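The values are calculated or read from the model by the stated rules, or taken from the named source; none is laboratory data. Model, not experiment: these values are computed from the prediction. Positions of Cβ are generated from backbone atoms using ideal geometry, with glycine treated the same way; all protein chains shown enter the neighbour counts. The area values use the complete protein model at the heavy-atom level, side chains included, leaving out ligands, DNA and RNA. Shrake-Rupley method; radii C 1.70, N 1.55, O 1.52, S 1.80 Å.
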Amino acid sequence: MDAQRAEVRALEAEIAALRRACEEPRAAGEDTWRAQKSLREMYQSDSEGWASSKDLRSHLGHLESELLFLSTLTGISVRNYSMKTEDLTNTEKKEKSIMKVLQRHRLSGNCHMITFQLEFQILEIQNKESLSSVITDLNIIMEPTEYSELSEFVSRAEERRDLLMFFRSLHFFVEWCEYRKRTFEHFKEKYPAAVHLPEGAASSCMVVRSACQPGFELVIIWRVQIDEEGRVLPKLDLLPKAPQQALELDRNRVLETAPLSFRALLGALGIEAALESLIKSLCTADYD
């Protein structure tokens, strides 16, 4: 029975973490309220209401189903979780009405192909009128990855001790990376002779070359950036390359202004249609 209760509490913690990853950004005050509420709910146990081990097993099955749904929805899976508590309540008379509990948490998991470990501390202070929770320390360990953009983001999340931002931004970052990979693979399959992926489909670079126009090359750099507030945004740049003779004959500065024209095309058509238009503009003769 005790082992089942422990498993239930671990599942509840995992579900609470995944729910935070699903939530959209709100006003700063509402985010703070939600963080405190989620952290309290994570550890509240309703085991006192369970009349038998049958009730406990039923509740456990429900939690497992909910966890599977949230993992599928967000791509975030929590594999291991543990918590230790320390009572910091001051026994002096003037402090007797204030309860302080320090919770030390450790969890590991992954968001699709990215694995992580979290260690964080939560200080809960309760008096007769209110209960408050604050994250006092956060340490994030990421497994080695080709996504260099994550390093600065992880440092920022640790500095701010912002678990909500970490889970939410990681989810959307991975979604954008997966979309970029699928898009590169699509164009490589559709235009195999023209599209080249020198560092693989998971990289940020796609090169377009035309067999009919040797020396001309379009390099698309597609980065996924995370800003100061944790918003995840795609950033695409075009780097055209051409023979020196062509540059000298380009009196209308078409090649020079190509990067700006490409950004305007992105705004008008969207990513996939803009890339398709770019490939066709250079390689039309190759596929006639």
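Quick notes on this one:
- Residue that is least open to solvent (accessible area, probe 1.4 Å) [pool: residues in the stretch 103-133 that are within 30 Å of residue 146 (Cα to Cα) and of a type in the set (Gly, Ala, Ser)]: 109
- Odd one out for residue 155, checked against (1) surrounded by 15 or more Cβ atoms within 10 Å (Cβ to Cβ); (2) modelled with pLDDT of 90 or more: (1)
- Sub-7 Å Cβ pairs linking a first residue in the stretch 259-282 that is free of Cβ contacts under 8 Å to residues at least 40 places away in the same chain to a second residue that is open to solvent by 70 Å² or more (accessible area, probe 1.4 Å) and in a helix (DSSP H, G or I), at least 6 apart or interchain, are 277/269, ordered by first then second residue.
- For the stretch 162-193, the candidate set comprises residues that are outside any helix (DSSP H, G or I), of a type outside the set (A, V, I, L, M) and out of contact with any Phe, Trp or Tyr (no Cβ under 8 Å at 6 or more places or on another chain); within that set, the residue that is farthest from residue 278 (Cα to Cα) is 162.
- Residue match in the stretch 244-251 (condition: open to solvent by less than 100 Å² (accessible area, probe 1.4 Å), touching a residue at least 40 places away in the same chain (Cβ under 8 Å), more than 16 Å from residue 180 (Cα to Cα) and not in a strand (DSSP E or B)): no
- Selection within the stretch 175-210 - in contact with a Ser or Thr (Cβ under 8 Å, 6 or more places away or on another chain) and more than 25 Å from residue 242 (Cα to Cα): 180
- Top-ranked residue of the stretch 134-148 - restricted to ones that are open to solvent by less than 60 Å² (accessible area, probe 1.4 Å) and modelled with pLDDT under 85, ranked as nearest to residue 173 (Cα to Cα): 147
- Looking only at residues of the stretch 202-228 that are surrounded by fewer than 15 Cβ atoms within 10 Å (Cβ to Cβ), within 26 Å of residue 150 (Cα to Cα) and free of Cβ contacts under 8 Å to residues at least 60 places away in the same chain, we find that the one that is nearest to the chain's Cα centre (by Cα) is 227.
- Taking the conditions (1) out of contact with any helix residue (DSSP H, G or I) (no Cβ under 9 Å at 6 or more places or on another chain); (2) assigned to a helix (DSSP H, G or I) in turn, residue 214 satisfies each one other than (2).
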